[in-house]
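Have a look at the structure below before the remarks.
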Amino acid sequence: MSQQYPHNPNQQPQYQGQQHYPGQQQPQYQGAPAGYPGGPVPPQQKKSWFARHKTISIIGGVFAFLIVVGIAAGGGDDSSSKGSDAAASTPAKVDAKPAEKNNDKAAAPAKKKEEPAPKKLTQAEQFKAFINKNGTAAEKAASKHITKVQGGDKNNNILDTADVYTDFTGGMMGPHQGEGKLLASAFADWRDSENGLVTIYDAAGELLSNGNY
């Protein structure tokens, strides 16, 4: 006869687990899910060096910023100082140049204005000028008809010849033979030769008069 124990109404029956039946495959234990005690720990992502050393990174950034500010301030001072030095030295150079130029002008001798070379007169112009200065009124009137003179600048005292051309017409038989003789006489007064002959021609090249000089 089995011994009976009094039944406790507050006592809950103990869980005996899942019952397995014959022929049923028992499931394998997968472990606790992630995040629960005993479960697998998910792999953690490795932080960078700057993330792990935030204080050192902040100090280094501030130090680099101060270096950049110091370089910029130093460069500005150099440019301003160079600009002030250049501005201070420039007026002295500008003031010195005008003085040097003035001294050069004072020292340099004044250049004389070159006079133009006198125009060389032709033989006809020289003969006319001689008659207008030394000839008679008739010779001066006849000299206005002279157009050309050749050979008046040559004198060898052996056989000198000179030709005087005029705008008269008619030759020796024409009305201007007398003016031709006046011009031959005036030529003898202008030029002197031991054995010279001057011939006066009209506009057509015909003989108007001749004479020794």
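The values are calculated or read from the model by the stated rules, or taken from the named source; none is laboratory data. Keep in mind that this is a model prediction, so the values were computed, not measured. All Cβ positions, glycine included, derive from the backbone under ideal geometry; neighbour counts span all protein chains shown.
Show me the strands (runs of 3 or more DSSP E) found entirely inside the range 109-213 where at least 1 residues are among the small types (Gly, Ala, Ser) and either exposed (fewer than 15 other Cβ atoms within 10 Å of the Cβ) or in contact with a strand residue (DSSP E or B) (Cβ under 9 Å, 6 or more places away or on another chain) (or both).
So the answer is 160-166, 196-201, 207-212.
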Subset of the range 119-145, residues among the small types (Gly, Ala, Ser) and under 58 Å from the mean Cα position of the chain (by Cα), comes to Ala124, Ala129
Residue pairs within 9 Å by beta carbon, gap of at least six or interchain, first lying in the range 196-208 and on the phi > 0 side of the Ramachandran plot, second part of a strand (DSSP E or B) and surrounded by 16 or more Cβ atoms within 10 Å (Cβ to Cβ), listed first then second, are Gly205/Tyr165
Taking the stated definitions as given, is Ala106 over 15 Å from Tyr201 (Cα atoms), of a type outside the set (D, E, K, R) and either in a loop (DSSP other than H, G, I, E, B) or modelled with pLDDT under 95 (or both)? yes
